[in-house]
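Worksheet: one structure, shown below.
The values are calculated or read from the model by the stated rules, or taken from the named source; none is laboratory data. The structure presented is a predicted model; accordingly, all values stated were derived computationally and were not measured. All Cβ positions, even for glycine, are placed from backbone atoms using ideal geometry, and neighbour counts span all protein chains on display.
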Amino acid sequence: MAKILNRIIVTIVYLFLLAPIIAVVIISFNDSKSLAIEFGAPSFQWYQSILENSELMDGARVSLITAVITAVVVLLLGVPVALAIARYEFPGKAAISGFFLSPLLVPGVVLGLGLLLVFQPVGLVGTYPGIVLAHFGVTVPYVIRTTLSSLTTSDMRCEEAARVHGANSFTTFRRVTLPIIAPGILAGGVMAFIISFDEAVISLFVAGSGHTTLPVEMFRYLQYRSDPGLAALSAILIALSVVIVFIVERAVGLRKVVNS
């Protein structure tokens with residue numbers, strides 16, 4: 001009886017989580033202008049409409065460029081910070097660790113407004129460097145967390161054995177440490193990319209009119225239209241997410257990434 005009840009609860013939870021996604025996909029194939037589920041003849045007109053919308057496509061381009069650059073920058077800076085925190089003792093270690101994790105505790109509206117006030121005098125509002133810097137603050141904690149998780153669960157004796165056998169610090173990192181923490185780095189990079197691509201609140205403050213990201217353009221689209229166009233765009237983003245998950249699974253295994 002308990003097993004049956006557990007299965008029912010799990011099924012309900014899965015349906016609750018999947019229902020919005022299923023609804024979005026169904027609505028995206030509507031042949032009418034109604035933003036509601038209608039079981040009629042399937043149509044791809046809204047996919048064509050979205051792909052021909054220059055504002056949304058420009059927003060997608062800006063978001064993609066920003067997310068890729070943000071993920072690379074965050075990995076280049078976040079991984080060394082995580083290594084330093086995990087491997088060394090130095091004055092101010094707790095303060096530095098707290099500083100890099102503090103953006104998670106600040107509301108997005110507050111952080112966005114603060115960045116706007118800082119960026120505007122120096123001309124960073126509406127520029128790629130400004131958006132990347134803003135997204136860096138909200139994504140670097142995830143890279144540090146996932147890398148730290150991989151480091152704390154790794155066996156340091158492997159690194160010590162490599163040094164005993166004559167390997168220098170760089171060789172030890174490249175041949176021993178890096179393969180061990182690779183799942184954590186990949187997890188952090190994927191999370192940084194997705195969070196940056198999906199970031200709306202902070203982007204609304206710092207993107208300006210020059211480089212509007214896709215989430216901001218989607219909000220603007222919804223202000224003036226209520227057709228299934230955004231459902232079609234959302235279905236495309238869902239498909240891309242599935243592709244990313246598949247690539248991660250083929251690369252290192254999804255279980256390793258999730259455990260990180």
Matching residues in segment 1-29 (part of a loop (DSSP other than H, G, I, E, B) and closer than 18 Å to Ala239 by Cα) number 1
Flagged in segment 166-178 as surrounded by fewer than 12 Cβ atoms within 10 Å (Cβ to Cβ) and either modelled with pLDDT of 80 or more or more than 19 Å from Leu75 (Cα to Cα) (or both), in numbering order, are Gly166, Asn168, Ser169
Here, helices (runs of 4 or more DSSP H) confined to segment 49-136 with at least 2 residues that are at pLDDT below 85, within 18 Å of the chain's Cα centre (by Cα) and on the phi < 0 side of the Ramachandran plot are 93-101
Out of (1) of a type outside the set (S, T, N, Q); (2) within 21 Å of Val68 (Cβ to Cβ); (3) at pLDDT below 90, the one Arg163 does not meet is (2)
When segment 31-48 is checked residue by residue, the ones that are assigned to a helix (DSSP H, G or I), surrounded by 15 or more Cβ atoms within 10 Å (Cβ to Cβ) and not hydroxyl-bearing (Ser, Thr, Tyr) are Gln45, Trp46
Exercise for review: Could you please let me know if Thr139 is at pLDDT below 85, in a helix (DSSP H, G or I) and either in contact with an Asp or Glu (Cβ under 7 Å, 6 or more places away or on another chain) or closer than 18 Å to Ala67 by Cα (or both)?
Suggested key: no
Per the filter on segment 160-206, residues among the hydroxyl-bearing types (Ser, Thr, Tyr) and out of contact with any Pro (no Cβ under 8 Å at 6 or more places or on another chain) are Ser169, Thr171, Thr172, Thr177, Ser196
